[in-house]
Amino acid sequence: MIMKQSTIVAKRVRTGLSPGHAPKSGQGAFCVDGGVQFVLFSRHATAVSLLLYDDPKRDPVEEIVLDPVNNRFGDLWSVLVPGLSAGQIYAYRVNGPKEHGHRFNPDVVLLDPYAKATTTPRPASKKAKSPFWGTNADRPKSVVVKDDFDWQGDRPLNYPLADIIVYEAHLRGLTAHESAGTRSPGTYRGLIDKIPYLKDLGITTVELLPIHEFDYLENPRRSPVDGKPLVNFWGYSTLSFFAPVGRYAANTQPGGAVTEFKTLVRELHKAGIEVLLDVVYNHTGEGNHQGPTINFRGIDNAVYYHLTDDRQYYKDYSGCGNSLNCNHPIVREFILDSLRYWVLDMHVDGFRFDLASVLARDTHGHLSTHAPLIEAIAEDPILRQTKIIAEAWDAAGAYQVGHFPGRWAEWNGRFRDDVRQFWRGDPGRTGLLATRLTGSSDLYQRNGRRPYHSINFVTCHDGFTLSDLVSYNHKHNTANGEENRDGDNNNSSFNYGHEGPTDQPEIERARIRQIKNMLATLLLSQGVPMLLAGDEFRRTQKGNNNAYCQDNELSWIDWSQIEKNFEVFRFAKSLIWFRRQHPIFRRTEFFTGRPVAHQQPDVAWLTADGREKDWMHDDQTLGCLLNGHAHRELTGAPDDDMLLLFNSRPHGHEVQFTLPGQSGIDRAWQLFLDTNYRPPMDIFPRGNGPKITPGQSYSLGCRSMAVFHRPHRGP
């Protein structure tokens, strides 16, 4: 149902304006000599008007009616308006047929799908919280933007994918808490103030949750805990795919978010940190057939969306009410234009694609092994050097981890599940751990991809934080207002004897040990590690595993926790440093298990007594020996030998490991970490750990991991 809108009344109506420049440079609004050129796609529209505003909360000052003969070029409607410049506020209204999947409504003010900035909407009323259900005066409008930013010579960093360490973060959540100590909490400027921290931690790449403009107020619920309105905090409900979120800008002027975001990217690049964006091209914020008309629905609904056979409703592969028809040529080009804009004009380094399997569905909704959009993103000459990461599943049952082609990397959900379950002590997981530890060759080798196409993670925004993963057996989402029905029920978590916070020291030590185990496994596995922001110092969401609607201290990072949980922070920081120092953890080829150097294999799997691992017998222990000299074949220089020891047995089941090698012949092993110990014996960031002679026995505690290294013997 489309709600009745207020009548559009402009102070001045004009017709017959020149189309100006033929629309050769794409769609949107462009500053040209003498004015602004406006270009809008609509194949099925019968009438288009451009609305100009001095104040976005008042009626337009002018309506320009486009002539369907002189202002239309094929499916593009174009007009040049003299005297306008950057900062001009505008919108459209579009009319056309109402049947065969069309939903034209000339009474609704529409955002330009190519708008580079939008005005900030206001709540419509107490009854209609979201502005998109209110009057046209409440709705956001488009803003003309001119690309005249001083980049100071900035260029994309183009780090090799194998060498990056990803830090997944919510831009507002990073600095909204008072402990962040920033002058501009919750903004692009606020993140700039945290750049020294990220650099010191060793992060190479920040992956930001959606910063495309979205409807923050679309959530109709209130918290049953405190009665406060719930919101869309995460932002997975895009309205404008070219515009950065205005709410995240300290500069509140129209278009101010564009300059502020560019400044953020430039300053991150100066510090040697890449920027990846989490992008949502699988659906839009217009929802199902009862949702609001914002832009696409009112401009050409039948082109932009997957519709049911009767053309009345939306096919929903996203779980959010609609799905963009991504492989329709028009929609495909729109998505590519948006990606190119963020690379060329905003200088971002790559993208993580939410529910990317929707992008692999053809125009009939069927999964395609050669989806045009998937191939186009990978092969586009402008996007060719960007990092592209797929969330390789969707809400309609597609699970394609390991199946995206070419240079696509993927969020490796198998890594998350197998690592969690091994450390929880689930039986039969040791072989799976070995596969994940060495780059998931079962997923990526068969189609010619490499270990670095696996984006490894144990936690992400969607689910428990790392501290909550070892503190709760069950989700605690009551505050979301959905009676705890939302969020995943299958978390492979364990609370170690008490649900939630506890002052019992033995439980706390078990939790800290498991956090260290999973951090070490993540950061010392082949593939690309992704760390959830705040996990390095035990950020908690109090057991909420779906905090999408919580714009409050539940989601905000409390930076005072660094001091409280310094043991974990020191451990995580030292691990990041160790990974960056040793390329053996960043291989570009899979291990073979065959002899390569001094007749030793590049990787060997060992039992506790030093023999070759028998995979038919799973005793929940594992030794992994990495041959540093074999690394010469990949890089031209050897690395240290590495020995990783694992014991996921429960309390009271320590294991005696025999360290490989022969005493008096091989060099001593030097301990780097042992998660069973407390600081400073848990990790040795300066490389000064105790040395142990090969052939000797080393006692590894229950639910613990140890790592040794030594310079490789030989030339």
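Please treat every number below as a calculation from the coordinates, not as lab data. Everything numeric in this text was worked out from a predicted model, so none of it was measured. Cβ: placed from backbone, ideal geometry, glycine included. Neighbour counts: every protein chain shown.
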### Task
Report the residues of the range 330-354 in range of a label on residue 370: point 7 Å along Cα→C-beta, backbone N strictly under 20 Å from it.
330, 332-333
### Radius of gyration and Dmax over the Cα atoms of the range 383-542, both given in Å
16.5, 53
### Gain on full stretching of the segment that runs from residue 222 to residue 70 - 0.36 nm per residue minus C-alpha separation
49.7 nm
### Query
Under the Karplus relation 6.51 cos²θ - 1.76 cosθ + 1.60, θ = phi - 60°, what is the ordered set of whole-Hz ³J(HN,Hα) values for the range 700-709, x standing for Gly and Pro?
10, x, 5, 6, 9, 9, 10, 10, 10, 9
### Message
Using the crude model of +1 on Lys and Arg Cβ and -1 on Asp and Glu Cβ, and no other charge, please compute the dipole size for the chain relative to its Cα centre, in debye to 20.
### Response
540 debye
### Task
State the extension gain, in nm to one decimal, for the chain segment bounded by residue 199 and residue 54, taking 0.36 nm per residue of separation less the distance between their alpha-carbons.
47.9 nm
### Task
Read phi for every residue in the range 602-617 and hand back ³J(HN,Hα) as whole Hz from Karplus 6.51 cos²θ - 1.76 cosθ + 1.60, θ = phi - 60°, with x for Gly and Pro.
6, 9, 9, 10, 10, 7, 4, 8, x, 7, 5, 5, 9, 6, 6, 10
### Task
Consider a paramagnetic label point 7 Å from the Cα of residue 157 along Cα→Cβ; state which residues of the range 177-210 have an amide N under 13 Å from it.
195-208
### Summary
Row for the range 43-125, column shape: gyration tensor on C-alpha, a ≥ b ≥ c, rounded if a/c < 1.5 i.e. under 1.5, prolate if a/b over b/c, else oblate; value oblate
### Task
If a/c stays under 1.5 just call it rounded; otherwise compare a/b with b/c (prolate if a/b is bigger, oblate if not). Do that for the range 592-710, with a ≥ b ≥ c from the square roots of the Cα gyration tensor eigenvalues.
oblate
### Query
Measuring from label point to label point, each 7 Å out along Cα→Cβ, what is the residue 32 to residue 12 span in nm?
2.0 nm
### Query
Which value in nm describes the separation of the simple spin-label points at residue 577 and residue 385, placed 7 Å from the Cα toward the beta carbon?
3.2 nm
### Task
Could you calculate the contour length gain from residue 288 to residue 98, that is, 0.36 nm times the residue separation minus the distance between their Cα atoms, to one decimal place in nm?
66.7 nm
### Query
What is the fewest-to-most order of 555, 697 by other Cβ atoms lying within 10 Å of their Cβ?
697, 555
### Query
Packing-wise, with mean Cβ within 10 Å as the measure, how do 328-341, 284-297 rank, highest first?
284-297, 328-341
### Whole-Å distance, taken between Cα centres, linking the range 315-367 and the range 551-586
33 Å
### Message
If the only charges are +1 at each Lys and Arg Cβ and -1 at each Asp and Glu Cβ, what is the size of the charge dipole of the range 120-250 around the Cα centre, to the nearest 20 debye?
### Response
800 debye
### Task
Identify which of the listed values of Cα Rg over 2.2 N^0.38 Å was calculated from the structure shown: [x] 0.94; [y] 1.03; [z] 1.15.
[y]
### Message
From the helices alone, meaning DSSP H stretches of at least four residues, give me the mean residue ellipticity at 222 nm for the chain, per-run term -39500 (n - 2.57), in deg cm²/dmol to the nearest 500.
### Response
-5500 deg cm²/dmol
### Summary
Taking r as the C-beta separation of residue 395 and residue 693 and R0 as 56 Å, the FRET efficiency to the nearest 0.05 is 0.50
### Task
Please find the FRET efficiency linking residue 499 to residue 309, where r is the Cβ-Cβ separation and R0 is fixed at 56 Å, and quote it to the nearest 0.05.
0.70
### Under 5 Å, built H, 5+ apart or other chain: amide partners of residue 673
707
### Query
So for the range 241-314, taking the charge dipole from beta-carbon charges (+1 Lys/Arg, -1 Asp/Glu), which of 263, 299, 279 sits furthest toward the positive end?
263
### Restraint check, 57/146; 262/542; 315/475; 141/387, Cα-Cα greater than 25 Å
262/542; 315/475; 141/387
### Most to least packed among 505-516, 215-226 [average Cβ atoms within 10 Å]
505-516, 215-226
#### Entry: Rounded Å value of the spacing that divides the Cα centres of the range 664-686 and the range 213-290
44 Å
